[in-house]
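Working notes, beginning with the structure itself.
Here, each number is a calculation from the coordinates, and none is a lab measurement. Worth saying up front: this structure is predicted, and the values here are computed from it rather than measured. A quick note on method: Cβ atoms are made from the backbone with ideal geometry, for glycine too, and the neighbour counts reach across all protein chains shown.
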Amino acid sequence: MKLWIAGSVAQVKAAANTGLASAIVTNPTVVAQWTTAERRPIEDIAAELVAETRLPLYIQLHGPSPEAFLAEAEALRRLSPLILPKLPSTTEGLVACRALASRDIPVLVTTVCSVNQAYLAAVAGAASICPYFARLGESGRDPAAFIATVAALYARHSLKTEILPASIRTPEQAEAALVAGASGLIVFDDLFRRLCDHEVTASSLEGFERDWARTFYRFEHKLPN
């Protein structure tokens, strides 16, 4: 199981420090926010992030031709092998995916909204695909059923392509995606911070605090400044 994180530069650094995130993911909106806020090119920000976090960083490429996708991937990977390509599930994106996968470069294929796209991404050698959970629901599809169908297809043919849905907006959607067969989640920092929230946990901790208040103990430790 994997947990990939998105958010501002500060947020993804903080998430990386928890040790729970296993990769950082961008989309064009995130890249635009990073470069505008930092007033630096994406290349500089990406190199800094992977050097500091030591996590893989998936950068969504612009393309739109296969040649442009490959040129962008090569330029970014000269900075660090931890910088990995994220490509759309278009014919052009999948052609580029096939070329990159043939060089053992893990590719994340995004905007996967149909079984056909999921099938072609696997044919192209994608290491993982990214369905849009909430957006599929808003379009009238059942996103959990879609993930379950793709997961069953991949399992039936022993395909190694993993399913990491994005566009997950609530803890309940995260649970539905995981139960349906997702290999992990791509979440923004605000949802990442809410995944442990539960009313029973909160009420239990309140009771524990009352018990701690009447307990004699001495834990020898020093908190960091």
| remark: Cα-based Rg/(2.2 N^0.38 Å) for the chain, rounded to two decimals, is 1.15
| query | In whole Å, how far is the Cα centre of the range 15-87 from that of the range 101-131? | reply | 18
| field | Ranked packing of 72-83, 28-39, most packed first, by mean Cβ within 10 Å | value | 72-83, 28-39
| request: Return Lys13, Lys2, Lys86, Lys160 ranked ascending by Cβ neighbour count within 10 Å, so the fewest neighbours appear first. | output: Lys160, Lys2, Lys13, Lys86
| message | Report the gain in length on full extension from Trp212 to Arg78: 0.36 nm times residue separation, minus Cα-Cα distance, nm rounded to one decimal. | response | 42.9 nm
| Computed FRET efficiency, Cβ-Cβ of Glu199 and Met1, R0 25 Å: what is it to the nearest 0.05? | 0.55
| Ranked highest first by the average count of other Cβ atoms within 10 Å around their residues, in what order do 193-203, 61-71 fall? | 61-71, 193-203
| said: Against the 2.2 N^0.38 Å scaling, with N counting residues, where does the range 1-102 land? I'd like the Cα-based Rg ratio to two decimal places. | reply: 1.05
| query | Tell me, Kirkwood radius of the range 87-199 from alpha-carbon pair distances, in Å? | reply | 14.2
| Ranked packing of 109-116, 151-158, most packed first, by mean Cβ within 10 Å | 109-116, 151-158
| To the nearest 0.05, how large is the calculated FRET efficiency for Arg169 and Cys113 if R₀ is 22 Å and r is the Cβ-Cβ distance? | 0.85
| query | What value, in deg cm²/dmol to 500, does the helix sum -39500 (n - 2.57) over DSSP H runs of n ≥ 4 give at 222 nm once divided by the residues of the chain? | reply | -15000 deg cm²/dmol
